[in-house]
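K.L.:
Would you mind keeping the following structure in view while I ask a few things?
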Amino acid sequence: MKKIVIIGNGISGITAARHIRKLSDHQITIISAETDHFFSRTALMYIYMGHMKYENTKPYEDWFWKKNRIDLLRAYVEKVDFNSKSLQLANGDTVPYDDLILATGSKSNKFGWPGQDLKGVQGLYNFQDLESMEEHTQGVDRAVVVGGGLIGVEMVEMLMSRNIKVTFLVREPSFWNIVLPPEESDLINRHILEHHVDLRLSTELKEILADDDGRARAVITNEGEEIKCQFVGLTVGVSPNVDFLRDSELELDRGILVNEYLETNIPNVYALGDCAQFRQPFPNRRPIEQVWYTGRMMGEAVSRTVCDIKTAYKPGIWFNSAKFFDIEYQTYGHVWSQLKENEDQFYWEHDSGKKCIKFVFDKNDRTLLGINTFGIRLRHEVFNRWLSEKRDVNFVLENLREANFDPEFFKRHEEEIVESYNAQHPENQVILKKGGLLSRIFA
Amino acid sequence: MKLIKWTGLVIFLAAFSLFTGVFFLSQFKLTNEVLEETIADESKRNAFSKEAATYKGNEYASNFVFVRELSATFERVNEKALKTYSISEAEINTLVERSSGDGQIEFSLSLIDELFGGEDEINQYKRKTFTDYGNWLDGRQFNTAEELKTQLTNVVDNIRKYGIINQKGFDKYQVKNLKYAIAKASSYGPVKDQPILFIFLTFIASIIGALLYILPKVKEGPPGIKNNRIYFDPMKNVGWLGILTGTYLIAFYIFLYYYPEYMTNWIIMVDPVSFFLKGSAGGRFFLYGFIYTLCILVMGVRMIIKYRHSKYQIIRTISVMFFQTAFAFLIPEILLRLNKPYFDFKNIWPLDYDFFFNNELDALINSGGLGIFMLGWGIGLILLGVPIFVYFFGKRWYCSWVCGCGGLAETLGDPYRQLSDKSLKAWKVERILIHFVLVFAIVMTAGVLYTYFTGVSEIFGFSTYSIRETYGAWIGAGFAGVVGTGFYPFMGNRVWCRFGCPLAAYLGLVQRFKSRFRITTNGGQCISCGNCSTYCEMGIDVRWYAQRGQNIVRSSCVGCGVCSAVCPRGVLNLENADEGSRFNEPILIGNDSVKLSQ
């Protein structure tokens, strides 16, 4: 039995702890300065919006940890002494370990803008950010959010839920277009505008102005325009939260460098989740992936290695999802913002302009490479199978009914989609496989 | 738009306040006509009239004071009847004395004839009742005088309790019915004079106000999940408004079930509707059905607007609105108008716990072909309808598509769905409680049927009548009504369905063990946010399953579909598919390192 200490109680660290417990009797301690218990970081926005209370965002009841003999320690780790294998806490205590798992997550980026540290200027990543946002948006009627990504649009939605008017500054000419192809990005632009957000594309932040109390009172854009506001959200990405590990034997780049076993350069020290950076990125994947799902998978993998069943982290077919106001988004496989040399695409959009689906496939053998779907739910299991079996786009369209995951009675669009595909590809006609209501009920 | 909303709210609050005011706005005057109309038995009527002489013709402006007078009068009538017709202690002593002699104590009925030999009504009554209740004492021998006295006193007590109160006074059922009937008939004033005007000022104005408040929500942004600020709302997070609403509802149910004599003014107000539908005056349950249906209809409109992005929710809500209006409210009333038995074709035993009561069975059996069809229909639903439909669709076909309790929960109760307790502990309590009620309902019904077929009213020393009475008061009224609806703002909108409903327990057992229904989770897409669990009205911790990629197969799931609607990542879907795939292995897709059972 060894003593395993995990720094960070987010999805990565918690998943590791849970699976270590399933595999072994090792002593497990999780240290976090953020909250007493694990909560779902992705649900922070819902607390602010009043959809849930903090209590509702905890995936496990409080008794769960004791029952599974996972010790929780609320403390801030100031330093790690890798030689003596111990942690220095801010309260003066030291905690020894045999194995150390670093799952410290991220911190919000700030790019040196004048005024970025004023009162009422902040990012949104952790629970303290939420508390700060609650405090600094009381009585506010105008806000500016900077940065056109997932957290940005979430923060806009949060502020709007409190009847705060929001100006949304997006550096790119279209929302999130470093990830989304132009059609999808444009669909979301329109939806953001439909929600009466003052969306400013191709606009950057230059400076934040303060009032007499040292609080934000306006921003100035790169075009010189002054926009009055009492709150500024800076959502321009996150970076690994590793500052306390700098100047130690641990090898760092932007994140903690790890191999495919999530091992760092120091024996018995592992890193995973947002703070880990792969020395050798996986094909088509970034070296740092700040995604809930990959954090969880790394936790699953590292738990085995720690328990002496050495297991490489091997992410399967890429998938992700998000929700932009009312429009859900799912993606399976790879859909790049720009088609690659060997790629072709088929795009269908519903007349409402709020649903669309995009198939990216290989120009030569028509193998499906990836799919984006907005406003239509698709089955993960089916696309995971089709992509790993390297099915071609015709097969996928023929069987598209099988992949639908929308609730009963929802309007189905497979026929329209196939019709549209056939019109665009006369040389490659597809016949949609049947599947009426009755056959679904009595399947 | 905001102006319309606020106008609506003001109109609603004004109309609702007036409705509440009508409860207190009553005036009463007891007259001989009222007594003739309400008390059929002439001698009882005279006895009552005599005791009520002090206030007959007086005008009362408070239902509480007037009902108190009535209660006191009933008590006085009963006391007097007892004093007049009961064998006194002195008379018992005389009987004991006359039974003793030669050191031997033997009782004989001839002593009764001797002592109460007079031919006046009182002596006749004493003689007759003692012979009826105490003839088994004839010829009995006793060791001591005390022993005989005890036996005689017991007989006399029984005569007081079951004989005199019933025949010469008013027993508790008569008192309850008469208090209500007399109060209603004695009522006069603006509501009685102008009931239709008051229907407009209260019900119709409430509906208009509520709709003005609800309809503009269509314009408050595009369709989609709109749960903003629910947890800041004093109505929806057990704040002052929720507590006030819950208290009002609880009080309403207590009056409805236990003290209807106070709410006569409300009933008088809806009498014109009752006359229009069935050609006779309505009782408290007509009032209840009327309000119930209006709540489902108006709040159904709200539900449809709120979930207008989801066709499942729209169709489901229209379904509960339809079944309440047509099956629960209109058809039974129209049947009465046609002189047929009152019958709700969608109510199923054991939720419909009095389905097998002797009076109900007799009413159906004596109503010819239609009555027999109704009886067969009801039994068919229990034995075939439930298992077959649950097999294909899950219990949702009933609980969230057809049922009246479910209908109210899904419409009026929707704003409170997040208040259900999701803890493991609550689940344990739920399983014990709901199955206990199911067993109770079965035992109670078995007793009722035993009595129906054998005529014997006691099993193992328990009276089947008192078992059914206990069930009716504690489960039928207390649990289903007072707690079931009154606790919406405290414990969520499915308290009854989750912890108490015996039909839900039965449907749930089928759903758990033999059904094609499940909630499917979508691969590895769950982000554990908790919206599904939070908005599960049945308190199922949906996230527990979703985050480990496990299908949700739970007996309590009513298939409302809201977990799927609020999921931001498209993880949950209600599905009917082959049974074999229901209990899947909890594996999350997307990790090729290892297939881990979660």
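K.L.:
Given B:Gly523, B:Phe499, B:Ala328, which one lies farthest toward the positive end of the charge dipole of chain B, if we put +1 on the Cβ of every Lys and Arg and -1 on the Cβ of every Asp and Glu?
P.N.:
B:Gly523
K.L.:
Averaging over every viewing direction, what projected area does the convex hull of the Cα atoms of region B:369-515 cover, in nm²? Please list the in-between numbers first.
P.N.:
Values: hull surface 42.4 nm².
Result: 10.6 nm².
K.L.:
Right, next: Give the angle, between 0 and 90 degrees and rounded to the nearest 10, that separates the Cα long axis of helix B:368-380 from the longest principal axis of the Cα atoms of chain B.
P.N.:
50
K.L.:
Also: Please provide three numbers in whole Å: the alpha-carbon extents of region A:121-236 along the principal axes, with the largest listed first.
P.N.:
For region A:121-236, the Cα spread along each principal axis is 44, 32, 23 Å.
K.L.:
Another question about this same structure. So, by mean Cβ neighbours within 10 angstrom, what's the order for B:334-343, A:354-363, A:374-383 with the highest one leading?
P.N.:
Details: B:334-343: 15.2, A:354-363: 20.2, A:374-383: 22.8.
Ranked by mean Cβ neighbours within 10 Å, highest first: A:374-383, A:354-363, B:334-343.
K.L.:
Let me ask another. Nearest 20 debye, what's the magnitude of the dipole of region B:27-188 about its Cα centre given +1 on Lys and Arg Cβ and -1 on Asp and Glu Cβ?
P.N.:
Rounded to the nearest 20 debye, it is 860 debye.
K.L.:
Please find the FRET efficiency linking A:His196 to A:Tyr54, where r is the Cβ-Cβ separation and R0 is fixed at 25 Å, and quote it to the nearest 0.05. Walk me through the numbers before you get to the answer.
P.N.:
Details: r = 29 Å, r/R0 = 1.16.
The value I calculate is 0.30.
K.L.:
Further question: Could you sort the peptides A:321-329, B:587-595, A:300-308 by per-residue average Cβ neighbour count (10 Å cutoff), highest mean leading?
P.N.:
A:300-308, A:321-329, B:587-595
K.L.:
Given that compact globular proteins tend to follow 2.2 N^0.38 Å, what is the ratio of the alpha-carbon Rg of region B:424-503 to that value? The partial results should precede the final answer.
P.N.:
Values: Rg = 14.6 Å, N = 80, 2.2 N^0.38 = 11.6 Å.
Ratio of Cα Rg to 2.2 N^0.38 Å: 1.26.
K.L.:
Sticking with this structure for a sec: Per residue, what volume in Å³ does the Cα convex hull of chain A take up?
P.N.:
Measuring per residue, one finds 175 Å³ for the Cα hull of chain A.
K.L.:
If one puts a single equal scatterer on every Cα of region B:7-79 and applies the Debye formula without solvent, what log₁₀ I(q)/I(0) results at q = 0.11 Å⁻¹?
P.N.:
For region B:7-79, the Cα-only Debye profile gives -0.40.
K.L.:
Then there's this: Taking a ≥ b ≥ c as the square roots of the eigenvalues of the Cα gyration tensor of region B:516-581, is the shape rounded (a/c under 1.5), prolate (a/b larger than b/c) or oblate?
P.N.:
Details: a/c = 1.69, a/b = 1.20, b/c = 1.40.
Oblate, because a/c is 1.5 or more while a/b does not exceed b/c.
K.L.:
Could I ask something else about it? Which whole-number percentage describes the relative contact order of region B:516-581, with Cα contacts under 8 Å and a sequence gap of 6 or more? It would help to have the intermediate numbers written out before the result.
P.N.:
Working: 109 pairs, mean separation 31.8, N = 66.
The normalised contact order for region B:516-581 reaches 48 percent.
K.L.:
With θ taken as phi - 60° and the coefficients 6.51, -1.76 and 1.60, list the Karplus ³J(HN,Hα) couplings across region A:83-95 in order, rounded to whole Hz; mark glycine and proline as x.
P.N.:
Once θ is set to phi - 60°, the couplings for region A:83-95 become 6, 8, 6, 8, 10, 9, 8, 5, 7, x, 6, 10, 10 Hz.
K.L.:
Averaged over peptide B:227-234, how many Cβ atoms belonging to another chain are found within 10 Å of each residue's Cβ?
P.N.:
The shielding value for this peptide is 5.
K.L.:
In debye to the nearest 20, how big a dipole does region B:111-252 give about its Cα centre with +1 on each Lys and Arg Cβ and -1 on each Asp and Glu Cβ?
P.N.:
With only Lys, Arg, Asp and Glu charged at Cβ, the dipole is about 1140 debye.
K.L.:
Compute all pairwise cysteine Cβ distances in chain B, then list the cysteines with no distance under 4.7 Å to another cysteine.
P.N.:
Lacking a cysteine Cβ partner under 4.7 Å: B:Cys295, B:Cys399, B:Cys403, B:Cys405, B:Cys497, B:Cys501, B:Cys526, B:Cys529, B:Cys536, B:Cys557, B:Cys560, B:Cys567.
K.L.:
Let me ask something else about it. Hey, got the average number of other protein chain Cβ atoms within 10 angstrom for residues in A:297-303?
P.N.:
That average works out to 4.
K.L.:
Which whole-number percent is the relative contact order of region B:27-188 (Cα, under 8 Å, 6+ apart)?
P.N.:
Normalised by residue count, the contact order of region B:27-188 is 35 percent.
K.L.:
Evaluate Rg over Rh across the protein assembly as shown, taking Cα atoms for both radii and Kirkwood's formula for Rh.
P.N.:
1.08
K.L.:
Here's a follow-up. Identify, among A:Gln116, B:Gln167, B:Phe462, the residue whose Cα sits farthest towards the positive end of the charge dipole of the protein assembly as shown, taking +1 on the Cβ of Lys and Arg and -1 on the Cβ of Asp and Glu, with the dipole about the Cα centre.
P.N.:
Farthest along the dipole direction, towards plus: A:Gln116.
K.L.:
Could you sort B:98-108, A:68-78 so that the peptide with the highest average Cβ count within 10 Å comes first and the rest follow in order?
P.N.:
The peptides rank, most packed first, as A:68-78, B:98-108.
K.L.:
Can you give the mean number of other chain Cβ atoms that lie within 10 Å of the Cβ atoms in peptide A:372-384?
P.N.:
Per residue, the number of nearby Cβ atoms from other chains is 4 on average.
K.L.:
A further question on this structure: Over region B:424-503, what is the mean sequence separation of C-alpha contacts under 8 Å (at least six apart), divided by residue count, expressed as relative contact order in percent?
P.N.:
Answer for region B:424-503 is 38 percent.
K.L.:
Separate question: Dipole magnitude of region B:516-581 about its Cα centre, charges +1 at Lys/Arg Cβ and -1 at Asp/Glu Cβ only, in debye to the nearest 20?
P.N.:
That gives a dipole near 140 debye.
K.L.:
From the P(r) of region A:91-168, can you give the percent of Cα pairs sitting at distances over 18 Å?
P.N.:
51
K.L.:
Binned at 5 Å from 0, what are the whole-percent values of the Cα-Cα distance distribution for region A:319-441, short to long?
P.N.:
Here the calculated profile for region A:319-441 is 2, 10, 22, 25, 22, 13, 4, 1, 0.
K.L.:
Explain nothing, just compute: Karplus ³J(HN,Hα) = 6.51 cos²θ - 1.76 cosθ + 1.60, θ = phi - 60°, for every residue of region B:153-164 in order, whole Hz, x for Gly and Pro.
P.N.:
Along region B:153-164, the couplings run 4, 4, 4, 5, 4, 5, 5, 4, 5, 9, x, 5 Hz.
K.L.:
Cα atoms only: what Rg and Dmax, in Å, come out for region A:27-96?
P.N.:
Final numbers for Rg and Dmax: 15.0, 47 Å.
K.L.:
Let me ask something additional. Between the helical axis of B:89-99 and the dominant principal axis of chain B, each derived from Cα atoms, what acute angle in degrees is found, rounded to the nearest 10?
P.N.:
60
K.L.:
Evaluate 2.2 N^0.38 Å with N set to the residue count of region B:27-188, then give the Cα radius of gyration divided by it.
P.N.:
Normalised Cα radius of gyration, region B:27-188: 1.32.
K.L.:
Calculate how steeply helix B:502-513 sits against the longest principal axis of the alpha-carbon atoms of chain B, using the helix alpha-carbon long axis, and give the answer as 0 to 90 degrees to the nearest 10.
P.N.:
Roughly 40 degrees, rounded to the nearest 10.
K.L.:
Would you list B:Thr202, A:Thr42 from the most to the least accessible area, probe 1.4 Å?
P.N.:
On the way: B:Thr202 0, A:Thr42 30 Å².
The ordering from most to least exposed comes out as A:Thr42, B:Thr202.
K.L.:
Using only Cα positions of chain B, each an equal point scatterer, no hydration layer, compute I(q)/I(0) via Debye at q = 0.06 Å⁻¹ and quote the log10 values to two decimals.
P.N.:
Log10 of I(q)/I(0), two decimals: -0.43.
K.L.:
Here is a further query. Report the label-to-label distance for B:Tyr342 and A:Gln138 in nanometres (one decimal), using points 7 Å from each Cα along the Cα→Cβ vector.
P.N.:
In this crude spin-label approximation the distance works out to 5.5 nm.
K.L.:
Would you kindly calculate the mean projected area, averaged across all directions, of the convex hull enclosing the Cα atoms of region B:223-415, in square nanometres?
P.N.:
Convex hull of Cα atoms, orientation-averaged projection: 12.9 nm².
K.L.:
Hey, another quick one. Say each of B:Asp132 and B:Phe392 gets a label point 7 Å from the Cα, pointing the same way as Cα to Cβ; how far apart are those two points in nm?
P.N.:
5.6
K.L.:
Non-local amide H neighbours of B:Tyr188 (under 5 Å, H modeled in plane, Pro and chain starts lacking H): which ones?
P.N.:
Result for B:Tyr188 returns B:Gln27, B:Phe28, B:Lys29.
The values are calculated or read from the model by the stated rules, or taken from the named source; none is laboratory data. In this text the structure is predicted, and so the values were computed from the model without any measurement. Every residue, glycine among them, receives a Cβ derived from its backbone with ideal geometry; neighbour counts consider all protein chains shown. SASA here: full protein model, heavy atoms, side chains in, ligands and nucleic acids out. Shrake-Rupley method; radii C 1.70, N 1.55, O 1.52, S 1.80 Å.
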